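Just so it is clear, none of the values below were taken in a lab; they were calculated from the coordinates. This is a predicted model, so every value here is computed, not measured. Reconstructed Cβ throughout: ideal geometry from the backbone, glycine too, with neighbour counts over all protein chains shown.
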Amino acid sequence: MSEGTVRVQATVERLANPPVPRWPVKVTIELSQRNRRGSRLTAKIGRQWLEGVIATSRPPGLVGFLARMPSNGDDIILVDGLLQLPTGIRYGAPPSAQAEVDPEEGLYMPPTQADRDGVRALSEDDDEGAWDGSVSEALQAQQACSVNGANVACGSCTAVEQRISGIATNLVHVPAAHVIAGAANDQLNDLASQALVAMRTAAIADGAVAAGSDFLKLVSGFRDYPSQARIWRNKMRQVFTTFGCTNWAAIDPVVVATSQALSTVAPPHARNAWLDRFRQELRTAGVAPQGCVDAQIRAAARAEHVTVPASGPIDIPGVAVAIGRKTVATPGSSPHHTGRAVDLHMGHAPGSTGVSSSSTNVTWQRQQRWYQWLVCNAARFGYHPYNREPWHWEHTPPPSTAPVPGTPTSSALDDETTQIRAALGQLGLSATQVDAFAAGQGIAALLPICRALGPVVLLELLRRLHYPVAYILNPPHSYDSDAQANRTLGTTNFTRLAPRLLLTIPGYFREQARQSRDAVEAFILESMGWLIMGSIADRVRNAINVDFWLPHGPYWATAVPNPIPAQAASIQQLILRMSLIDTNLTTAEFNGRAAAWRNGAAGRQWFFETGQGAQPAAQAFYTDAITGAAPAIAIPAVANISTQRGQVQAAWTARVAAADANPATPPLSAASTLALVRCQNIPVAGIVGGVDLTRITSLEIVSTWPVLRPAARPKRSLSVLAATRPAWEGVMRSIMELGWNDLLFQTAGTGCFRGTKTPGTVAGQNPNSARNMSNHSLAIAGDFNDFENKQPRAGSPATAAGTMDPRLIALFRAFNFRWGGNYTAPSTPDPMHFEYI
Ligand SMILES: [Zn+2]
Ligand SMILES: [Zn+2]
């Protein structure tokens, strides 16, 4: 696989017992890398769209269903938002095929482990003959642990990599006595500087470094981002010139804009962060390299050992960045941008340099007593090694000296505030907007989330909202005006973000659970999402003094017993830090709950999405499968509602005729339009079967968002056409059992006898649409999470896509509901709306 392509594999199979009877064909599409999170990846085979599509994590890809087998020769087309990406795969004699798709048009992958390793490789210049194995292994292998005065037994030295990330704060000059000549202007974070001085002083006291020597002095500290960006810009100019490209004048501002855009992201960046952003900025600016000569590009690439495919079009930006990177690190890629990474004077092997990672030099440096002293002692000062470069150490103090959650020092608070500001910058807020956000208490409201989960997760949660900048600054709500919302709730526009953001936490942990290979661990993660949301919510309520409502978790969400189940250390740490231990819970009870989850809809969905469990076991939420038993939640047969439709349609025709006959509401007038879109009591009492109340079981749905806890009245039922009640109940029960209440928690209602509402110019409505009966009139349609899924209007920042989660769309589809977000012209997409087909 060449860099920049995603391998695609598709499998089509006819199921003997399809989970949804009308979808007998299952299509599995596997990608070699993960898709950009959150975008709605789906696929089309020939003219058939996949139904009930759910993204899978392991392997990355998607699973969906078809009503009939594809025809020979049908194309498989991946669809990412509005982009259609032909895979080159055609359905044919073999039921599976492989192809590659060009990801430039929208598929994006987060960094893999190989990428992260790549970040390390480019953190320093010399990458000749890399050394593998850890520091401790090297020491033990050489049996060379004796250090003057350090009094450590051989083999007990452990120095473990603990890589740094974060933006530089509180920079100071390191005292001159500990800096090598020529680096006097280098700076470090104040704590990293103090620790370096204390560490080197101790090394001298232990005799590992002679008092007058230069060893362990600072050679290189903080590297400032603008300088790196300048050097990189010159490099890019040079590379594009060797390519013979003629439009550097147009490319240059895009290079500058790319670095500018990334300057607020906490370094070190993922390996391809700069290149990915560069491609995006090129598209935004409508610029492509011009006049470049293929032969010259190939020659330049050959000279730098960069591979270019022998035939086909050349990925010019990709090749340019790959060549540039051979001698200059892309801005943001070096841990030295954090202000907490140091290069120390170690000396060097004969014929080498101090920063050569050749195995000769690395071996030599590791044999020196000052290096061995560091291995045994640096952790006491918060410094940790970088295995490949003995001279490079990073200051990541241990948790015991880090601020304890809940009792931050002022400098830790400053740090978190800075991190939140950086995250907001990442989302596209200007400095002025961030200042306004902070002044309106927005940052105070986000602090508990950042403190509990860290800035990286905070940014991820913000991204999961899919809010444009205008929404971040003023989140949508159910009230008539911002002023009314804030008066009722006691919020500002900015503090309204935190309650909504909290609801992204269960989804974040659900996704983490999908990275796990272990069902119990996945269960703990899914549970923790809800418990952590609840616990942080209390801290946010206190921080902004607003007692807002949030739904409770699903019935299966549970804390863990003491002793904590044997799971990964990172999960145990999180459990301890968030106090998610229930000492009254026995291990047997916990195991019982885990088994219930595993055998229930949520666990089966996890097996389905991760591709784990015995095949053909793992199937979707709407059927049982692991055990082959009857579906947990059966799909009711499609109800025929044509009689009821006819009756309500007759009532509607009469209502329109009455309005037309009324001189106060002449046809197509503003008055008539408003009269027809006004909700009236539905006249279905008299129709066949009438209207039933669908119970919402334990699901919590409110009609207003956000709402104060004392005022919240979660609905217990919805009014729906009696014939469609089993389908509605199937949806609601599935959501409850799956634990997806975070995805659906608000409704504007179901039944409403009125005309169709479509944005238009007569009293804000389209007068022709208003004359057509809405499906709400039959009580077969529901509007959910409507506050952020409005139909697009002029001037509205909302996109046609809204925020409806693909999982919900798949779930409703399975139960025979159509999603309004798929409406196409002449209808307007209506992402809040689901209706029975
Ligand atoms: Zn370094
Ligand atoms: Zn609707």
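Observations on the structure shown:
- Taking a sphere under 15 Å around the Cβ of LEU489 and counting the other residues whose Cβ falls inside, with K and R at +1 and D and E at -1, yields a net charge of +2.
- With contacts taken as Cα pairs under 8 Å and at least 6 residues apart, region 557-601 reaches a relative contact order of 50 percent.
- Sorting the segments 448-455, 644-651, 328-335 by their mean number of nearby beta carbons within 10 angstrom, highest to lowest, gives 328-335, 448-455, 644-651.
- Net charge dipole size for region 225-324 [Lys, Arg +1 and Asp, Glu -1 on Cβ; Debye, nearest 20]: 160
- The simple spin-label model puts a point 7 Å past each Cα toward its Cβ; for ALA470 and ALA303 those points are separated by 5.0 nm.
- Measuring between their Cα centroids, region 179-193 and region 427-497 lie 38 Å from each other.
- Taking a sphere under 12 Å around the Cβ of LEU66 and counting the other residues whose Cβ falls inside, with K and R at +1 and D and E at -1, yields a net charge of +3.
- Sites ALA439 and ALA483 - FRET efficiency at Förster radius 25 Å, r taken between beta-carbons, to 0.05: 0.90
- Three-way shape label, region 726-790, alpha-carbon gyration tensor, a/c 1.5: oblate
- ARG7, ARG68, ARG604, ARG807 arranged by Cβ crowding within 10 Å, fewest neighbours leading: ARG68, ARG7, ARG807, ARG604
- Classified by the C-alpha gyration tensor, region 410-599 has a prolate form. Its axis ratio a/c, with a ≥ b ≥ c, is 1.5 or above, and a/b is larger than b/c.
- Ranking of TRP549, TRP393, TRP248 by count of other Cβ atoms within 10 Å, fewest first: TRP248, TRP549, TRP393
- Built from the Cα atoms of region 438-530, the convex hull projects on average onto 6.6 nm², one quarter of its surface area.
- Going by neighbour counts of Cβ atoms within 10 Å, the residues ARG593, ARG500, ARG716 line up, fewest first, as ARG716, ARG593, ARG500.
- For the pair HIS173 and ASP214, a Förster radius of 22 Å applied to the C-beta separation gives a FRET efficiency near 0.80, rounded to the nearest 0.05.
- Cross-link reach is defined here as a Cα-Cα straight distance under 26 Å, omitting same-chain residues fewer than 8 places apart; for LYS757 the lysines meeting it are LYS715, LYS790.
- Förster radius 22 Å - calculated FRET efficiency between THR697 and ASN562, Cβ distance, rounded to 0.05: 0.10
- For region 723-771, chymotrypsin sites (Phe, Trp or Tyr not before Pro) meeting the loop criterion (DSSP other than H, G, I, E, B) and having at most 10 other Cβ atoms within 10 Å: none.
- Each residue, ALA184 and HIS552, gets one label point 7 Å from its Cα in the Cβ direction; the gap between the two is 6.8 nm.
- Cut-off 10 Å between beta-carbons: net charge of the residues surrounding GLY529, Lys and Arg +1, Asp and Glu -1: -2
- Each listed q (0.12, 0.14, 0.23 Å⁻¹) maps to a log10 I(q)/I(0) for region 225-324 from the Debye sum over equal C-alpha point scatterers, namely -0.37, -0.51, -1.31.
- Gain on full stretching of the segment that runs from ALA249 to THR417 - 0.36 nm per residue minus C-alpha separation: 56.7 nm
- Alpha carbon centroid spacing (whole Å) that separates region 708-753 from region 224-280: 50
- Backbone amide hydrogens, once placed in the peptide plane, bring GLN765 within less than 5 Å of GLY760, excluding anything fewer than 5 places away on its chain.
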